[in-house]
1. Out of the stretch 29-39, which residues are surrounded by fewer than 22 Cβ atoms within 10 Å (Cβ to Cβ), within 27 Å of LYS154 (Cβ to Cβ) and either more than 8 Å from ligand 1 (Cβ to nearest atom) or within 20 Å of the chain's Cα centre (by Cα) (or both)?
2. If we keep just the residues of the stretch 333-365 that are touching a strand residue (DSSP E or B) at 6+ places or on another chain (Cβ under 8 Å) and charged (D, E, K, R), which is farthest from ligand 2 (Cβ to nearest atom)?
3. Inside the stretch 59-71, can you point out the residues that are more than 13 Å from ligand 2 (Cβ to nearest atom) and among the hydrophobic types (A, V, I, L, M, F, W, C)?
4. Within the stretch 243-291, can you find the residues that are out of contact with any Leu (no Cβ under 7 Å at 6 or more places or on another chain), part of a helix (DSSP H, G or I) and surrounded by 18 or more Cβ atoms within 10 Å (Cβ to Cβ)?
5. Of the conditions (1) part of a helix (DSSP H, G or I); (2) surrounded by 16 or more Cβ atoms within 10 Å (Cβ to Cβ), VAL236 satisfies every one except a single condition; which number is it?
6. Just to verify a result, which residue in the stretch 85-116, among those that are under 25 Å from VAL171 (Cβ atoms) and without any contact (Cβ under 8 Å) to a residue 24 or more places away in the chain, is surrounded by the fewest Cβ atoms within 10 Å (Cβ to Cβ)?
7. Quick one: in the stretch 46-84, of everything that is touching a residue at least 60 places away in the same chain (Cβ under 8 Å) and under 20 Å from THR110 (Cβ atoms), which residue is farthest from ligand 1 (Cβ to nearest atom)?
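The values are calculated or read from the model by the stated rules, or taken from the named source; none is laboratory data. Since we're looking at a predicted model, the values are computed, not measured. All Cβ positions, glycine included, derive from the backbone under ideal geometry; neighbour counts span all protein chains shown.
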Amino acid sequence: MVRANAAQLPRLTPRSTIVSRLTLTEFRCYGQARIEAAGGAVVLTGPNGAGKTNLLEAISLMSPGRGLRSARSNDFQRIGAADGSNWGVAATISGPDGETLAGTGREAGTERRGVQIDGKAAKSQAALAEIVSVVWLTPLMDRLFVEGAKGRRKFLDRLIFGLDPAHAGRVTRHDLAVRQRSRLLTERPGESAWLDAVEAELAATGVALAAARMDMAARLARALEQSTGPFPRPIVAAEGPIEARLASEPALAVEDWVRGALARNRAGDAAQGETQLGAHRGDLAVTHREKGVPAALASTGEQKAILVAIVLAAARLAMAERGRMPILLLDEIAAHLDAGRREALYAEIGTLGAQAWMTGADRSLFESLGDNAQFFTIRDARITQT
Ligand SMILES: Nc1ncnc2c1ncn2[C@@H]1O[C@H](COP(=O)(O)OP(=O)(O)OP(=O)(O)O)[C@@H](O)[C@H]1O
Ligand SMILES: [Mg+2]
């Protein structure tokens, strides 16, 4: 890590981590673009199709995974870019310990998204979680409570990265073990020693993942219970087959149980073409406390407010327990909140000292931030500070 002299650092709220500079190359609608920002609220406004969400998506790639649209690496490549060019996003991450240069982009000749940290290739994307945590809310997540468990699991996992960066590695290893087992069951079902080893890894990482999700959900539940203000205080819990066992049995016993069940279910799983037991069967159950209904049955605005409440609670937790504030990406958030909640969100961003990137077509919804925000206008992929 390059350590900058403290006097050279931008003025930061103590311990906040920010993207102080972002450079985009052949990324989505951007040929070449750069933006510099300080901490606090960063507001991007402009017409539909200008490039606001694309910019947030670029920042979301500073965390492990496929970013806020769950896109494939090739989708990031600007349509119309010269043959042989590769998309790239570079960010200067400034924090209390100095500056780190993080970069990600398409590796030449492959579809892979590579990661560099301070100029050196990182072994995996999980390394990003050690430097910065990024949490987002986008219109695509409006159906998070209505659709399948996968989105909710990913959402919870991302919140955990903020408290425990090692969680990202666990997710990667577990996903890999699930894929390896499926492949072995179809291609080499007789390789029982190999299957034993993969199932042992799947059981160990699966129990670790489920335990971390339960722990996070319990912390979030306590934090939400104590929160005040106009946002709902949802009841949250990590659920799933492994989680259910962990509630009453020690982790080692649960690991043995998972391993045994996987070994017994090989034929059944091969026939179904999927591994039916593992941490990939977990879910985040959310209930609207005040209304007493599952979040899926709350109104669209209420669901959005529940998500904001969870994200803010997780940010407060990460700060209290790890001294690290996640970067918040809030796409079109202002348009979905009523005036009271909008003002409460702006106030909370100020109190937390988080860098919060917010987008919207209508600048008037952000005017009340006044001098507490940096304003940029984006038009046809051109960014200007206003
Ligand atoms: N790979 C790509 N190459 C070139 N352009 C792309 C690529 N992917 C997306 N785009 C375009 O980028 C433009 C900006 O998209 P973006 O989602 O950032 O807009 P936005 O400013 O958030 O608009 P809205 O207000 O409608 O949400 C769109 O016109 C989209 O079609
Ligand atoms: Mg958008």
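1. Passing the criteria: only ALA37.
2. Per the stated criteria, the residue is ARG363.
3. Those that are more than 13 Å from ligand 2 (Cβ to nearest atom) and among the hydrophobic types (A, V, I, L, M, F, W, C): ILE59, LEU61, MET62, ALA71.
4. GLU243, ARG245, LEU246, GLU255, ARG259, HIS280, listed by residue number.
5. With (1) part of a helix (DSSP H, G or I); (2) surrounded by 16 or more Cβ atoms within 10 Å (Cβ to Cβ) applied to VAL236, the lone miss is (1).
6. THR110
7. Top of the filtered list is PRO64.
Matching residues to (1) more than 16 Å from ligand 1 (Cβ to nearest atom); (2) polar (S, T, N, Q); (3) crowded, with 18+ Cβ neighbours inside 10 Å; (4) under 18 Å from the mean Cα position of the chain (by Cα):
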| site | (1), (2), (3), (4) |
| --- | --- |
| MET319 | yes, no, yes, yes |
| ILE327 | yes, no, yes, yes |
| ALA334 | no, no, yes, no |
| GLU343 | yes, no, no, no |
| ALA354 | yes, no, yes, yes |
| ALA361 | no, no, no, no |
